[in-house]
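Reviewing the structure listed below.
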Amino acid sequence: MKNLEFRYYDEVTKQMVYSSEFDWPNEFNRLSRFFLKAMNYAENGVQQSTGLLDKNGVKIFEGDILKADGYDADNNGYDFPAGEVAFDGGEFVLFTRDPSWPCAALACLDKKEVIGNVFENPELLKQ
């Protein structure tokens, strides 16, 4: 089965804590220990890896802030504003503050680039 990878933002140390990949379901006990620790330090929950890499080879997680390119219904190129990665409706999506493109499936975007995350760089969403 697919390897799973998670992270959480430790409010005490102000750093991201990453799991190594978990071989599900063979490493259930190790995964349980990670989540028990996260319950004590992660006020904002745990984020899962999307399984995708950005254009620089960086793993993309829920809570990451991305810039990306995409296409409109007429196949015209579109430069998406920075947005937050989330899991919604059964898929990973990019939520932006742009009213003309409020949401897009990550799988439909090109040239994805992680520029930060909502815990350490929330100001990037205000630009």
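The values are calculated or read from the model by the stated rules, or taken from the named source; none is laboratory data. Note that the structure is a prediction, hence the values are computed from the model and not measured. Note: ideal-geometry Cβ built from the backbone for every residue, glycine included; neighbour counts use all protein chains shown.
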Quiz item: Across segment 35-54, what is the number of residues that are surrounded by 15 or more Cβ atoms within 10 Å (Cβ to Cβ) and modelled with pLDDT of 80 or more?
Solution: 8
Quiz item: Can L31 be described as touching a Leu at 6+ places or on another chain (Cβ under 8 Å), within 23 Å of V12 (Cβ to Cβ) and either touching a residue at least 12 places away in the same chain (Cβ under 8 Å) or assigned to a strand (DSSP E or B) (or both)?
Solution: yes
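Kindly evaluate L124 against the criterion of being under 23 Å from Y8 (Cβ atoms), crowded, with 19+ Cβ neighbours inside 10 Å and not charged (D, E, K, R).
Details: under 23 Å from Y8 (Cβ atoms): yes; crowded, with 19+ Cβ neighbours inside 10 Å: no; not charged (D, E, K, R): yes.
In short, no.
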Practice problem: Only residues that are farther than 11 Å from A68 by Cβ and either more than 13 Å from the chain's Cα centre (by Cα) or among the hydroxyl-bearing types (S, T, Y) (or both): list them for segment 89-106, please. | Solution: G89, G90, R97, D98, P99, S100, P102, C103
Quiz item: Taking G51, is it touching a Leu at 6+ places or on another chain (Cβ under 8 Å), assigned to a strand (DSSP E or B) and of a type outside the set (A, V, I, L, M)?
Solution: no
